[in-house]
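Notes follow the structure.
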Amino acid sequence: AKAAGRNTFRFYSQQMNEDAVQRLDIQNRLRRALERQEFILHYQPLIDLGSTRIVGAEALIRWNCPDLGMQPPGLFIPVAEDSGLIVNIGEWVLQEACRQARIWKDAGHGKLVIAVNLSPLQFTRGNLVETVTRALTDSGADPACIELEITESILMKDTEQVLATVRQLHAMGLRLAIDDFGTGYSSLAYLRRFAVDKLKIDQSFIRDLPTDPDAGAIVRGVIQMAKSLKIAVLAEGVETADIAHDLVLLGCDYAQGYYFGRPMPAEAFAELLPPPRN
Ligand code: C2E
Ligand code: CA
Ligand code: CA
Ligand code: CA
C-alpha cells in the first residue's frame, strides 16, 4: 500500500508538473502572440428588439494561432488571467475596439456602440482609466460609443478603488454593462451605487425560456426591476425566433445571439450595417 501511495504521489506530482509546464508554455505563446499581433476581435451584433436594428457589437477576442488555428477565448483567457498577462491583452483589446469604433464612425456609423469585456485584474492591477483614456485619444473614438462589460464579481469587491474607477469612466462618457447577469451574487444595491447602464441577462436563463417557467419568471422579474431602475436590459444567447418573440412580449430592450448573428470579422459585420445617411 505504501508503494502504491508513493507511486500515486509520483503520478500526481508528475501530472502537476506537466500541467505547470503546459501553462508556462501557453503563457509564453500568449506573450509572443501579443508581440506578433496574432489576436483578432470578432464582432457580434447587438439588436434593438423594438426596431430589430443593429445598434452595436460585442467585441470578442480570438487567437489566430499559426500552429493551432483560430482559438476561442475560453482556451486562453483563463491562462492569461492566472499569469496577469490579461492586463496587456485587455489593453490591446481596448486599443483595437476603439480603432474600429473610429473607422465605423468615419464610415457614418457614429451611433454604433462597441461593447468590450473587462477582466477583474484590469481593475485591480492595471491603470484602467489611463489605459482607456489612451485608447480613446489614440483612436479619436467617441467615449459614448464604448460600453464596458464587467461581471458582478468586480462590483461585489466594492472597494473604494473600484467605485472610484467606475465613476471616473462614467464621467468620461463611457457606459457600463453587467455581463452574465444572474450567475453571480446579485445584490441590487450596487446597481444603483455603480449607476449601471445595462444588464445582460445570462444565456442560461434565456435558453430555458420556452420550457422552464422558472426561467421565465426570473427573466420577467429582472426586466421589471431594470425598468423601474431605468437600466436597459439585453438578453444573451438568443438562438431562435420563438425566444426573440417571447422577449419582445416581456418588454426586453435588446438581444444578442446566434439567431441574429454570430461573432464575425469586422468586415463581415460592416456588411450588415445599413448604408449611412449622410
Ligand atoms: P461573454 O462575454 O459572455 O460572451 C458571449 C459568449 O457567448 C461568446 O463566446 C459568444 O460567441 C457566445 N454566444 C453568443 N451568442 C450565442 C448563442 O446564441 N448561443 C450560444 N451558445 N453562445 C452564444 P466566446 O466568443 O467564445 O467568448 C467566451 C467568453 O470569453 C466571453 O463570454 C468573455 O467572458 C470572454 N471574452 C471574450 N473576449 C474577451 C476579451 O476581449 N476580454 C476578456 N477579458 N474576456 C473576453
Ligand atoms: Ca460579454
Ligand atoms: Ca455574457
Ligand atoms: Ca460568460
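The values are calculated or read from the model by the stated rules, or taken from the named source; none is laboratory data. Not measured: the values here are computed from a predicted model. Positions of Cβ are backbone-derived with ideal geometry, glycine not excepted, and every protein chain shown enters the neighbour counts. The accessibility values were calculated without ligands, DNA or RNA, using every heavy atom of the protein model including side chains. Shrake-Rupley method; radii C 1.70, N 1.55, O 1.52, S 1.80 Å.
Values computed for the structure shown
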| quantity | calculated |
| --- | --- |
| Matching option when the condition is of a type in the set (Lys, Arg), closer than 20 Å to Asp202 by Cβ and either open to solvent by 20 Å² or more (accessible area, probe 1.4 Å) or within 16 Å of ligand 2 (Cβ to nearest atom) (or both), among Arg175, Arg99 | Arg175 |
| Any hit, segment 262-274, residues being touching a helix residue (DSSP H, G or I) at 6+ places or on another chain (Cβ under 7 Å), closer than 30 Å to Ile103 by Cβ and assigned to a loop (DSSP other than H, G, I, E, B) | no |
| Matching option when the condition is free of Cβ contacts under 8 Å to residues at least 40 places away in the same chain and away from ligand 4 (no atom under 16 Å from the Cβ), among Leu136, Leu169, Leu148 | Leu136 |
| Cβ pairs under 9 Å, 6+ apart, first in segment 95-106 and basic (Lys, Arg), second part of a helix (DSSP H, G or I) | Arg99/Ala135; Arg99/Asp138; Arg99/Ser139; Arg102/Ser139; Arg102/Cys145; Lys105/Cys145 |
| All positions within segment 49-74 that are near ligand 1 (Cβ under 9 Å from one of its atoms) and in contact (Cβ under 8 Å) with a residue 12 or more places away in the chain | Glu58, Ala59, Leu60, Ile61, Arg62, Pro73 |
| Unmet requirement for Arg207, which otherwise passes all of (1) touching a strand residue (DSSP E or B) at 6+ places or on another chain (Cβ under 7 Å); (2) without any contact (Cβ under 8 Å) to a residue 40 or more places away in the chain | (1) |
| Qualifying residues in segment 102-118 (those that are among the β-branched types (Val, Ile, Thr) and more than 16 Å from ligand 4 (Cβ to nearest atom)) - the one most open to solvent (accessible area, probe 1.4 Å) | Ile103 |
| Count - residues of segment 74-117 that are in a helix (DSSP H, G or I) and closer than 18 Å to Ala135 by Cβ | 21 |
| So Val113, is it out of contact with any Pro (no Cβ under 9 Å at 6 or more places or on another chain), without any contact (Cβ under 8 Å) to a residue 60 or more places away in the chain and more than 11 Å from ligand 1 (Cβ to nearest atom) | no |
| Selection from segment 219-239 of residues that are surrounded by 17 or more Cβ atoms within 10 Å (Cβ to Cβ) and more than 21 Å from Gly261 (Cα to Cα) | Val219, Val222, Ile223, Ala226, Ile231 |
| Meets criteria (at pLDDT 95 or above, away from ligand 2 (no atom under 16 Å from the Cβ) and open to solvent by less than 10 Å² (accessible area, probe 1.4 Å)) for Val132 | yes |
| Residue, modelled with the highest pLDDT, within segment 180-211, restricted to residues that are more than 22 Å from the chain's Cα centre (by Cα) and loosely packed, with under 13 Cβ neighbours inside 10 Å | Thr211 |
| Test: residue in segment 38-46 that is away from ligand 3 (no atom under 16 Å from the Cβ), free of Cβ contacts under 8 Å to residues at least 24 places away in the same chain and either open to solvent by 70 Å² or more (accessible area, probe 1.4 Å) or assigned to a strand (DSSP E or B) (or both) | no |
| Residue in segment 138-146 that is at pLDDT 95 or above, under 25 Å from Ala255 (Cα atoms), open to solvent by less than 20 Å² (accessible area, probe 1.4 Å) and not in a strand (DSSP E or B) present | yes |
